[in-house]
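Read the structure below first, then the notes.
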Amino acid sequence: MPFYKVISLPKPLAIPTVDGAKRWWHRLTPHRQDRVAMLAPLAAVLLFFAAIVAALGYLRLEEMDREQEAVQRDVEYTQQRLRLRLLERQEQITRIARELANREIDANDFKARAANLLDQYPEVQAMAWVDEKKRTRASQGMGANTIGPYYIPGDVLLKQDRDTGYALTRQLNQLLYVQPPLAKDEAPLLQMFIPLNNKGRFSGVLITEYSIDGLYRYGVPSEVSARYAISLQDSTGRLLAGTSIPGRKLVSRFLPWANPGNEYSMPVSPVGSGLVIRAQAYRASLGVIGSGLFWLVSTLSVMTAWMLIANWRHTRRRLQAQQALMSETNFRRAMENSMLTGMRAMDLQGRITYVNAAFCQMTGWTESDLVGRTAPFPYWPDSEREHVAARLEEELTGNATPGGIQVRVKRKDGSLFDARLYVSPLIDAMGTQTGWVTSMTDITEPNRVREQLTASHQRFTTVLEALDASISVAPLGSDELLFANKLYRQWFGVQAGGHLQLVAEAGMPNSPTNDDSDDSVDSFAGLPTTTLPDSDPESAEIFIEALGKWLEVRTRYLSWVDGRLAQMVIATDITTRRLAEEQAATQAERAQTASRLITMGEMASSVAHELNQPLTAINNYCNGMVSRIKDKQITEPDLLIALEKTAKQAQRAGQIIQRIRSFVKRSEPNRTPSEVSTMVAEAVELAEIELRRFNVRLNHYVAARIPQVMVDPILIEQVLVNLLRNAAESIDSALRQTSDRIVELRVLPKRIDDKPVVEFSVQDTGKGLAPEVMARLYEAFYSTKADGMGIGLSLCRSIVESHLGRMTAENIYNGDDVVGCRFSFWVPLNDTGTLTYSEPPAPQPNLG
Ligand code: ADP
């Protein structure tokens, strides 16, 4: 196998500075990067500008140096030329002077020679030969005016100050150049004084006058004067000839680079400092070009910098706009994603272009499953394709229902849900429609809730409609009917008349406040504004003649769904109950009488026995009286006594019969204020007949000062007789010894539930109540006795309860042995309730 060796190529060497710069760049925050990106070009522009200025300045200095040198050279050259010219003249004239001093030439010769010179050298303006006595011997000028008033032959050279040079020359005895003080309008001139020495003796002066203007014109080379402003000046700087550029200094002060001191001056050598030649470079054009370039560069730099800053600002604004756009986009995206409504966008051809997260979540299909699809879409349920396709067609043609359409949607897992779709056109920024946007909401839950609501409403209505009570609701103080159920409509129609009649007849206030009826201003003052006390419904039983029915009417106040205070009236048909009650009352009355008859029947032998005694006594008394009257053994007083005794016995028998009669006599229930002790005494009298038969002793105790009670005394007596009889029978069947055959009747005032009552209790020493008996004690026709009817106790209880009292029974124990039982009942004092019959309640186990 060939062996390949992996050779790692050396990495290209990174230039550390570039690397470092890169690292530094990446370490910067974006904000700083922006800064740097903005400042760097600006700095570059400034650097470029500085470089250009420096280069320009350098070049300028160079040039200025060069110019300076050139000026200097040219001035020196010109000075040389002037000097040469002056020296040549000086030499020629010195020769003439020598000849004059040596008397080799006379005045005419001199004039000729001078004229010749003047012709040849125009700068020489005048020549004069002045002798030792200051007298002009001869003179030659460029015309009369140049000789002027000074050198008139024969005149003494005293006029004016032209003799200053003469005096000085005579004194120094050497060649002198003098600038005479000038009269007004006199062209500047230069005088040359040459002393004339004849054998060591001063013999006069040869004066030559140069026109400085002529010197300038003929002495300065034209190429130099073309380049510079050449001027001749005196020692004080006064311009004598030529041109000078004034104000140069001012310009150069403000534009130091624009040819500052590009000038040069030097004295013209044979004359000395009295005549100075000065050259000033024109150079204007060069300055303009240089500063023009400078200004161009500065303008361009400023413009570039300005453009950079403007560009940077623009970028920054764009960046801000971009950021705002980004955050807006993010916000919208977040909103879209957190929205619970599904969104779907379609182009005009029905192709899905967009779905949001909620849409995907609802349908279970992903964005990639849906975007780009055309109908049929995967979330269409197979069974409803045609329906959905029709809806889509409507949607695309813009005919969709504005209220939204309801469709079924299939999830990816195949399950279905109800959805509501709302379609709206998708308009782009240019205002043209590019498609349709559909929002989708899952309405399965709302549908379910609505169905539930409908169902419960239906149930509610069904219940209300089927109710055998009429229900009506009307707002207070209005005859509008808010609600009425079927029975109401049957009874009273659809008007509120029935409602109002019921309220009026039931005597109920149709305002919830009856306490403050005086308050005529606001009868609802003090009412809670939100909820009304819906407890305390009042009820009344009324007879409606139009219907021929007894109705129980209840009202209650409620705030209606629109917030109005309304009164609801519930009327129940109680005609049957009323009839049954009436029947039952009659029957109960009959039952009570029957029961009393039965009691009497059962007591018949005892009653017979009881009656037997007075009857026997009467019989005995009568027989005794008969035999004693026959034997004539009776006195009238004795007979009277016997008759009285007989009558008493007969009265007693009559009393017994009267008591029995009044006991069993059928009478209407009649509650009167009754004396407890009377009722007890009468009951005891009746019961004692039976107690005696069973050989049972009765102890009774009635507490003193018991107020009268509002009862039917016959019925209470019936209860007491019943209880006493049962007690005696129980003692008898328990076969107690004579000493134990005791029944105790106690009547005591008591407080039960904080109400004053009178409690009657009958306690015996019998066999007590077995548990099974206890359970069925008050059941009608339940008896443990062979001849018992079993209706006694049940009647007793209903009598007590009709007096709003209660009855209890309990065993009496001695250790674990039952030694008897106690029946007790109470009736309330101060009772004002009506005496009505009520059905015996269901048997209650373990009473007491
Ligand atoms: P009856 O006396 O005709 O049987 P009651 O209704 O008066 O009908 O009594 C029902 C039953 O209650 C009696 O059969 C008896 O068993 C029982 N009972 C009533 N009073 C007593 C009592 N004082 N002691 C024991 N059992 C009693």
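Residue separation times 0.36 nm, minus the C-alpha to C-alpha distance between A546 and D468: what's the value?
Extending this stretch completely gives an extra 26.3 nm.
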> Are there any helices in the chain, counted as whole DSSP H runs, that stretch 20 Å or more along their axis by Cα and score at least 0.0 on average by Kyte-Doolittle, and if so which?
Replying inline: 284-338, 676-693, 713-733
> Tell me, what HN-Hα J-couplings in whole Hz come from the Karplus equation 6.51 cos²θ - 1.76 cosθ + 1.60 at θ = phi - 60° for each residue of the stretch 222-238, using x for Gly and Pro?
Replying inline: 5, 5, 6, 5, 6, 8, 10, 8, 9, 9, 10, 10, 8, 5, 8, x, 6
>> Could you sort the peptides 126-139, 803-816, 214-227 by per-residue average Cβ neighbour count (10 Å cutoff), highest mean leading?
In response: 126-139, 214-227, 803-816
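How would you order 406-416, 31-41 from highest to lowest mean count of nearby Cβ atoms within 10 Å? Each step should come with its number before you reach the end.
Values: 406-416: 14.5, 31-41: 12.9.
The densest-packed peptide leads the list: 406-416, 31-41.
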>> Beyond 49 Å, how much of the Cα-Cα pair distribution for the chain remains, as a whole percent?
In response: 71
> Taking H as built 1.01 Å from N, whose amide H comes closer than 5 Å to the amide H of L804, not counting residues under 5 places away?
Replying inline: none
> Quick one: if you stick a label point 7 Å off each Cα along the C-beta vector at S235 and A21, how many nm between them?
Replying inline: 6.7
> S424 to A40: FRET efficiency via 1/(1 + (r/R0)^6), r the Cβ-Cβ distance, R0 51 Å, to the nearest 0.05?
Replying inline: 0.50
> Order of 440-452, 84-96, 490-502 by packing, highest average Cβ count within 10 Å first?
Replying inline: 490-502, 84-96, 440-452
>> Give me the one-decimal nm value for the distance between modelled label points at K184 and E367, 7 Å along each residue's Cα-to-Cβ direction.
In response: 10.6
>> Just the number: Rg to Rh for the stretch 353-402, Cα atoms, Kirkwood Rh, two decimals.
In response: 0.98
> Residues with amide H under 5 Å of D155's amide H, sequence separation 5 or more or different chain, H placed in the peptide plane at 1.01 Å from N; which?
Replying inline: T136
>> At R0 = 35 Å, how high is the FRET efficiency between I309 and M343 if r is their beta carbon distance? Nearest 0.05 is fine.
In response: 0.20
>> Largest first and in whole Å, what are the equivalent-ellipsoid semi-axes of the stretch 404-505 based on the Cα gyration tensor, each being the root of 5 times an eigenvalue?
In response: 50, 21, 8
>> Nearest 5 percent is fine: what portion of the DSSP beta bridges confined to the chain is antiparallel?
In response: 95
> So between R705 and R385, what do we pick up on full extension, going 0.36 nm a residue minus the alpha carbon distance?
Replying inline: 105.6 nm
> Could you give the length gained on full extension between A324 and Q651, defined as 0.36 nm per residue of separation minus the Cα-Cα distance, in nm?
Replying inline: 105.3 nm
>> At 222 nm, what value in deg cm²/dmol follows for the chain if DSSP H runs of at least 4 each add -39500 (n - 2.57) and the sum is divided by all its residues, to the nearest 500?
In response: -15500 deg cm²/dmol
> Based on the Kirkwood radius over alpha-carbon pairs, what is the Stokes-Einstein translational diffusion coefficient of the stretch 599-739 at 10 °C with 1.306 mPa s viscosity, in µm²/s?
Replying inline: 90
>> What are the equivalent ellipsoid semi-axes of the stretch 294-431, built from the alpha-carbon gyration tensor (square roots of five times its eigenvalues), in whole angstrom, biggest first?
In response: 50, 16, 12
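Against the 2.2 N^0.38 Å scaling, with N counting residues, where does the stretch 367-460 land? I'd like the Cα-based Rg ratio to two decimal places.
My calculation over the Cα atoms of the stretch 367-460 gives 1.29.
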> If you take the beta carbon distance between S677 and E636 as r and set R0 to 41 Å, what does 1/(1 + (r/R0)^6) give as a FRET efficiency, to the nearest 0.05?
Replying inline: 0.50
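Throughout, read-outs are computed from the coordinates displayed, never taken from laboratory work. Note that the coordinates shown come from a computational prediction; the quantities given were computed from them, not determined experimentally. For neighbour counting, all protein chains shown are included, and Cβ atoms are generated from backbone atoms with ideal geometry for every residue, glycine included.
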